[in-house]
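Okay, structure first, notes after.
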Amino acid sequence: MTSARIGILGTGSLAAAIVTGLSRDVTDPPEIVLSPRGASTSARLAAEFAQVRVAADNQEVVDESGTVLLCLRQGDLGVLDGLTWRAEQTVVSAVAGLGHEELARVVAPAAQVARAVPIMAVATRTWATPLRPALPGAAAVFERTGGVLPVETDKQFDAIYTGLGTIAPLFDYLATIEAFLVDHGLPSDGARTLVAQNISAALGPLGEASAPDFAELVREHAPVGGGNDQLATLLRQSAVPGQTRAALDEVFRRQTSGRWAEAGGNGSP
Ligand SMILES: NC(=O)c1ccc[n+]([C@@H]2O[C@H](COP(=O)([O-])OP(=O)(O)OC[C@H]3O[C@@H](n4cnc5c(N)ncnc54)[C@H](OP(=O)(O)O)[C@@H]3O)[C@@H](O)[C@H]2O)c1
């Protein structure tokens, strides 16, 4: 039945995670139709899951689906211009940087449009996907992959994108600690393993916590006069937290093309 079928345009890493979450070890997985680009990923998913198939082209994905997920890279969005949509369709975009108004324009006359922030953890159904607005057709998809976090305003939604795209600098930080250990004679492999296990032991439990208090965790990990305490103090004195915030504000400004123009992104929703 077309209305219940989920179509995906852009069959890359994110699409693979969503399809896996919707399908693996699920007794009643939804029918899914994939765009053909990303050929090896499409073929692998269709071979693994019986209710998944690959369309001949992008228009077939749109024609055969009630809900269409956009998992394209921002630079490939031009492909949407040539597609014909139906008014009753739900379209959900996971594309960073594509604002709601622009999304609605490129998929008109489809009237049910939403934006979502799934991450790779949807594959294991361990991520509640931020969704705005939480339209029934869109929520129905992500309720199957770990749940939905309804987002109230466009500004909040845009900030979530910026706030979650913050993992690469964390690895820079870990690489700095690795280099310190190597400079003091540890073999690189051993240093990397040590750093990884240390951070994993500290961060692992956060995945289970509903609203961890980061200021309290700093206190817990920084007994007065210890190395953690001194390092945190030295980094604050070097303005590292302030510079991190300034960098976040700059990324936000660029990603939203200045839509929320005030300093800190505090424009009205
Ligand atoms: N990965 C994440 O965790 C994540 C999380 C949230 C949001 N996002 C957003 O999701 C989008 C996809 O990310 P990704 O990591 O999955 O990227 P990706 O792995 O590069 O996947 C994009 C896919 O789109 C395909 N494609 C390119 N042109 C196409 C066209 N004209 N028609 C149909 N398909 C086309 C590509 O095929 P080819 O390989 O053949 O070029 C590729 O398979 C991005 O906008 C990203 O910002 C990703």
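The values are calculated or read from the model by the stated rules, or taken from the named source; none is laboratory data. As the structure is a computational prediction, the values presented were derived from the model and not from experiment. We place every Cβ from the backbone using ideal geometry, glycine too, and count neighbours over all the protein chains shown.
Listed by position, the strands (runs of 3 or more DSSP E) inside the stretch 40-104 whose residues that are assigned by TED's automatic domain parsing to the domain that holds residue 131 and in contact (Cβ under 8 Å) with a residue 40 or more places away in the chain number at least 2 are 67-70, 90-93.
Residue-level check: of (1) of a type outside the set (Phe, Trp, Tyr); (2) closer than 24 Å to residue 249 by Cα; (3) buried (at least 19 other Cβ atoms within 10 Å of the Cβ), residue 153 misses just (3).
Among the listed residues 52, 61, 68, 79, which satisfies the condition of being within 22 Å of the chain's Cα centre (by Cα) and surrounded by 21 or more Cβ atoms within 10 Å (Cβ to Cβ)? Let's see the steps before the verdict.
Numbers: 52 fails: within 22 Å of the chain's Cα centre (by Cα); 61 fails: within 22 Å of the chain's Cα centre (by Cα); 79 fails: surrounded by 21 or more Cβ atoms within 10 Å (Cβ to Cβ).
Exactly one of 52, 61, 68, 79 is within 22 Å of the chain's Cα centre (by Cα) and surrounded by 21 or more Cβ atoms within 10 Å (Cβ to Cβ), namely 68.
Quick grid of which residues meet (1) touching a His at 6+ places or on another chain (Cβ under 6 Å); (2) closer than 30 Å to residue 127 by Cβ; (3) not in a helix (DSSP H, G or I):
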| position | (1), (2), (3) |
| --- | --- |
| 198 | no, yes, no |
| 201 | no, yes, no |
| 205 | no, yes, no |
| 215 | no, yes, no |
| 220 | no, yes, no |
| 228 | yes, yes, no |
| 233 | no, no, no |
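Within the stretch 136-165, can you find the residues that are farther than 15 Å from residue 118 by Cα and not charged (D, E, K, R)? 136, 137, 153, 156, listed by residue number.
Of all residues in the stretch 9-39, which are in a helix (DSSP H, G or I), surrounded by 15 or more Cβ atoms within 10 Å (Cβ to Cβ) and within 12 Å of the ligand (Cβ to nearest atom)? Before the answer, list the steps.
Kept after step one, since they are in a helix (DSSP H, G or I), are these residues of the stretch 9-39: 13-23, 39.
Narrowing the set further to residues that are surrounded by 15 or more Cβ atoms within 10 Å (Cβ to Cβ) leaves 14-23.
Across the stretch 9-39, the qualifying residues are 14, 15, 16, 17, 18, 19.
Looking across the stretch 246-256, the residues that are within 20 Å of the chain's Cα centre (by Cα) and part of a helix (DSSP H, G or I) come down to 247, 248, 249, 250, 251, 252, 253, 254, 255.
Reported count of residues in the stretch 40-57, each being within 15 Å of the ligand (Cβ to nearest atom) and among the acidic types (Asp, Glu), is 1. Just one of (1) away from the ligand (no atom under 15 Å from the Cβ); (2) surrounded by 14 or more Cβ atoms within 10 Å (Cβ to Cβ); (3) of a type in the set (Gly, Ala, Ser) fails for residue 3. It is (2). In the stretch 105-162, of all residues being among the acidic types (Asp, Glu) and touching a residue at least 40 places away in the same chain (Cβ under 8 Å), the one that is nearest to the ligand (Cβ to nearest atom) corresponds to 158.
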